[in-house]
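FYI, it's all coordinate maths here, none of it is from the lab. Quick caveat, the model's predicted, so the values are computed rather than measured. FYI the Cβ positions are ideal-geometry reconstructions off the backbone, even for glycines, and counts take in every protein chain you see.
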Amino acid sequence: MSDLSEHIGRFLAELARKQVSEHTLRAYASDLDQFREYFTPPGAEPPALREFDALKIREWLADLYGRNLSTVSMRRKLAAVRALFRFLSREGLVDANPGRLVRTPKIPHTLPAVMTPEQVAGVIESAAPGKTERPHPTRDRAILEFLYGCGLRVSELVGLNLDDVDRADRWIRVRGKGRKERQVPFGSLAAEALDRYLDERPIRRGQPALFLNHRGGRLTDRSVRNVVKFYALLANSDPSVHPHSLRHAYATHMLRDGADLRAIQELLGHARLSTTQKYTHVSLQDLVRVYDKAHPKA
């Protein structure tokens, strides 16, 4: 095993001890393995740690660009490399973090496409017994109601446990990014869907997860993405819809109906208000369309 492979393994073990999410850990492991492979010629070893500098990292980024990777993917991979060298710097194995000298690729400024309330309703209502041959439509309906009704990230949804749900007062305890907890209310439709699902949910001793797969284990991120994609295709023939689309719709629809931006920030679990403010731009687009359509001098 090369020194670089060994130190990547130590860095990932450190992340695991800090209890970062499994999704983040898998992404860092994949990105850093690709980084190591790029700098490992066939039959040879990668450069020594102290040989890595900003020029080498820019060369690697140029290769990613040449392979037509998205800007979002390139930013994530660079963040993983920076985090690795920050760890190595703290350990005294390198003098400085060369990733800090590399400019982060800029994301083109685009506004997220947002489903209308009617489109969301179509997706959710397509999850019903008898409408498809899906084996767990009642569970799927509850998943869709909670993704849209609470604005959850997919990782937050699959992380829900039975004791995180207060069915009497209709609150859920959500563990978000950085293990931060927040409480989020849910509405009557989500409550009804949850009651129907819990009536059918198999009892599994020692399994605290709220949403289970067909084997009785905790549902995975990928499984939820497949659920959302299936019903979005069924209802709207739209393969681009994913769990985060429902989170976008949740925030945008609430803002359109007069919810306070600070309240939406709290409900979404955003650390910074600027992250939440992107939804104001979506709503301003709607206002412009309304103005152009309705104002006599538009």
Q. By how many degrees, 0 to 90 and rounded to 10, does the Cα axis of helix 22-38 deviate from the longest principal axis of the chain?
A. 30
Q: When you have a sec, figure out the Kirkwood radius of the chain from all distinct Cα pair distances and drop it here in Å to one decimal?
A: 22.0
Q.
Below 8 Å between Cα atoms, with a sequence gap of 6+, how large is the relative contact order for the range 7-151 in percent?
A. 19
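Relative contact order of the chain: what whole-number percent is it, with Cα pairs under 8 angstrom and at least 6 residues apart? Write down the numbers at each step before the final one.
Numbers: 308 pairs, mean separation 45.5, N = 298.
In percent, rounded to a whole number, it is 15.
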Q: For helix 278-294, report the angle its Cα long axis makes with the longest principal axis of the Cα atoms of the chain; keep it between 0 and 90° and round to the nearest 10°.
A: 50
(Q) For the range 1-67 and the range 128-150, what is the centre-to-centre distance using only Cα atoms, to the nearest Å? (A) 40
(Q) If neighbour count is taken as other Cβ atoms inside 10 Å, put Y38, Y279, Y197 in order from fewest to most. (A) Y38, Y197, Y279
(Q) Sequence gap at least 6, Cα distance under 8 Å: using those rules, report the relative contact order of the range 90-235 to the nearest whole percent. (A) 24
**Q.** Ranked list, fewest to most other Cβ atoms within 10 Å of each Cβ, for E37, E133, E45
**A.** E133, E37, E45
(Q) For the chain, what does the helix formula give at 222 nm: sum of -39500 (n - 2.57) over DSSP H segments with n ≥ 4, over the residue count, nearest 500 deg cm²/dmol? (A) -17500 deg cm²/dmol
(Q) Compute the helix-to-body angle for 3-17: its Cα long axis versus the longest principal axis of the chain, expressed 0 to 90° and rounded to tens. (A) 30
Q: Just flag the GluC sites (Glu not before Pro) in the range 41-108 sitting in loop per DSSP whose Cβ has no more than 16 other Cβ atoms within 10 Å.
A: E91
Q.
With just the Cα atoms defining each centre, how far is the range 223-245 from the range 160-183? Give it in Å.
A. 24
